[in-house]
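The values are calculated or read from the model by the stated rules, or taken from the named source; none is laboratory data. Not measured: the values here are computed from a predicted model. When we count neighbours, we look across all protein chains shown, and the Cβ atoms used for this are built from the backbone with ideal geometry, even at glycine. Please note that ligands, DNA and RNA were not included when accessible areas were found on the heavy atoms of the full protein model with its side chains. Shrake-Rupley method; radii C 1.70, N 1.55, O 1.52, S 1.80 Å.
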Amino acid sequence: MPDAIFAHPRLAQVYDTFDGERDDLDLYLSIADELKAERVLDVGCGTGSLAVLLAAKGRTVVGVDPAEASLAVAREKDPDGKITWIHGDATDLPPAAGDLAAMTGNVAQVFLTDEDWARTLARIRTGLRPGGHFVFETRRPDRRAWEDWAAATGPLVLDVPGAGRVERRMEVTDVSLPLVSFRFTYRFLADGEVVTSDSTLRFRERDEVEESLAAQGFRVTDVRDAPDRPGMEFVFLAQRD
């Protein structure tokens, strides 16, 4: 089941505002251009930020996500119905449908077990045409991002269109490497409602990720830095046979 931050209707509506400027998507758009990808699979598309940018450039886009509330926000950004939205996960991708599969926002870290990660990689491979590419990012464990999260104890209050002022707090609740758990608490100041969302991420080492890709029929062609977060993440580019 997706975390409440994606699946709760009120949290899905405020997600984009708290997520801020999506400078991280520029890299994915440039890679799609670099590879001349015409058909793109946006895996874990969330509120559709990448998908709508890709479709605006004339690409055929399929967005898949298990959180219906996030997809509802995504569909609002696609009034002409240019994008195919699928409520599901990678196992629901159509076969041989994409030249490129993208997984943004560190979605790769939500797969906590080796089995779930391997199953996801295998289905993404099936969703790609022969020679298709897969690009995704994951945080570098050695940068210990959770320490920065734990230090940021103050509230963040933003004015969200349609929701008014909303306060968010973040708390790291457990560090049992390679797993890190945290909680977001949102307070909607207009009516006082409080909604919490608990999440756990897995921090994989670079060699672990490369081995898992190879085991599912991918060849790593490049490992890049994230230009908007230098030194913080690995950006993997892999190709299926």
Restricting region 149-162 to residues that are open to solvent by less than 90 Å² (accessible area, probe 1.4 Å) and either in contact with a Lys or Arg (Cβ under 7 Å, 6 or more places away or on another chain) or part of a strand (DSSP E or B) (or both), the residue that is nearest to Gln13 (Cα to Cα) = Val160
message = I'd like the full set of residues that are of a type in the set (Gly, Ala, Ser), under 18 Å from Arg123 (Cβ atoms) and open to solvent by 70 Å² or more (accessible area, probe 1.4 Å), limited to region 183-241.
response = Ala215
message = Anything in region 74-90 that is surrounded by fewer than 19 Cβ atoms within 10 Å (Cβ to Cβ), outside any strand (DSSP E or B) and either touching a strand residue (DSSP E or B) at 6+ places or on another chain (Cβ under 8 Å) or modelled with pLDDT under 95 (or both)? List them, or say none.
response = Arg75, Asp78, Lys82, Gly88, Asp89
query = For region 95-104, does any single residue satisfy the condition of being surrounded by fewer than 21 Cβ atoms within 10 Å (Cβ to Cβ), of a type outside the set (Ser, Thr, Tyr) and within 20 Å of Arg224 (Cβ to Cβ)?
reply = yes
query = Out of Leu41, Leu71, Leu53, which single residue is open to solvent by less than 10 Å² (accessible area, probe 1.4 Å), over 22 Å from Gly131 (Cβ atoms), modelled with pLDDT of 95 or more and aliphatic (A, V, I, L, M)?
reply = Leu71
ask   = Looking at (1) open to solvent by 20 Å² or more (accessible area, probe 1.4 Å); (2) of a type outside the set (Lys, Arg); (3) more than 16 Å from the chain's Cα centre (by Cα), which is the only condition Gly132 fails?
value = (1)
